[in-house]
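J.: Before I ask anything, let me first share the structure, which is written out below as structure tokens.
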Amino acid sequence: MGNRNSFVLVLVSEMISKKAEELRAAVTCRIITHTVNNPIKSKVLEKLYGISGTTVREIIHHQRTEYNHPIASDANGYYMARSSEELQHTIAQLRSRVKHIDAAATALEHCLFKGRLFRQQSLPF
């Protein structure tokens, strides 16, 4: 019985992986049709495919990092970069976010090292 359960788990896992790959491909194919002048918003992708914003971001990350797809983005949405300038703009935005996230982590480390943890009685109001 154990071998059968293992087989079923492997089969289900492969089915889920296949569905995930199909979804990533569908989202990427949709993004390919969009340009910097006509980006697609995350909300549109969410509605089209019945997925969350988190899933959209995970798909974008996967396609960028695993397949090196030049998916660019800005405040207006996602699009396939068609020039080095478009890609450089996205790279600059990502690097800026890294700096802001690092600054927040550093500030929280200072709180940790100084023992500045939240205590309800320490609220000024």
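Bear in mind these aren't lab numbers, they're just calculated from the coordinates by the rules spelled out. It should be emphasised that the depicted structure is a prediction, and the values quoted were computed from it without experimental measurement.
J.: Can you compute the equivalent ellipsoid semi-axes for region 2-118, i.e. the square root of 5 times each eigenvalue of the Cα gyration tensor, sorted largest first and rounded to whole Å?
T.: Over the Cα atoms of region 2-118, the semi-axes work out to 31, 27, 13 Å.
J.: Under 17 Å from the Cα of Lys47, which aspartates and glutamates turn up, not counting those fewer than eight places away in the same chain?
T.: Leaving aside aspartates and glutamates fewer than 8 places away in the same chain, those within reach of Lys47 are Glu22, Glu58.
J.: What list of ³J(HN,Hα) values in whole Hz, one per residue of region 34-40 in order, does the Karplus curve 6.51 cos²θ - 1.76 cosθ + 1.60 (θ = phi - 60°) give from phi, with Gly and Pro shown as x?
T.: 10, 10, 4, 7, 8, x, 9
J.: Helix-only estimate, please: 222 nm mean residue ellipticity of the chain, summing -39500 (n - 2.57) across DSSP H runs of length 4 or more and dividing by its residues, to the nearest 500.
T.: Working: 4 runs with 84 residues, N = 125.
That calculation yields -23500 deg cm²/dmol at 222 nm.
J.: Relative contact order of the chain: what whole-number percent is it, with Cα pairs under 8 angstrom and at least 6 residues apart? All intermediate terms of the calculation are to be shown ahead of the outcome.
T.: Numbers: 77 pairs, mean separation 26.1, N = 125.
Over the chain, the number comes to 21 percent.
J.: Under 28 Å Cα-Cα from Lys41, which lysines qualify once same-chain neighbours fewer than 8 residues away are excluded?
T.: Result set, ordered by chain and number: Lys18, Lys19, Lys99.
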